[in-house]
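Enquirer: Dropping the structure in here first, questions after.
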Amino acid sequence: MVNLKDYAPFAGLLIFGNIENLILASQGAVAHVDPFILSALSIIAVIIWLLIGTYGTKMAIKYADYIEIFGGVAIIILGVQAMLEAMGL
């Protein structure tokens, strides 16, 4: 049985990771990537992250604070990069 309390430290990454996935998908749409390829790659990425999150949580729980900080910084950097590209800068 899944205990949701184990995943609580990673809640921020789950939320912002999904937002980042939407940003990257919109970036692909703006770049005129084939929507079927983009959809397939997005689904593959989500499944991989689901597997990593499901099986890696027990090992990574003691590093949750560091992972959340690193993940948050990565999400911010990718989001800023996507916005700058969308504005043509």
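No lab work stands behind these numbers, since they all come straight from the coordinates. None of these values were measured; they are calculated from a predicted model. Positions of Cβ are backbone-derived with ideal geometry, glycine not excepted, and every protein chain shown enters the neighbour counts.
Enquirer: In degrees from 0 to 90, rounded to the nearest 10, what is the angle of the helix 35-60 Cα long axis to the longest principal axis of the chain?
Expert: Once rounded, one gets 20 degrees.
Enquirer: To the nearest 20 debye, what is the magnitude of the charge dipole of the chain about its Cα centre, counting +1 on the Cβ of each Lys and Arg and -1 on the Cβ of each Asp and Glu?
Expert: 280
Enquirer: Pick the calculated Rg and Dmax of the Cα atoms in Å for this structure from [x] 12.0, 36; [y] 33.3, 108; [z] 14.9, 48?
Expert: Calculated Rg and Dmax of the Cα atoms in Å: the matching label is [z].
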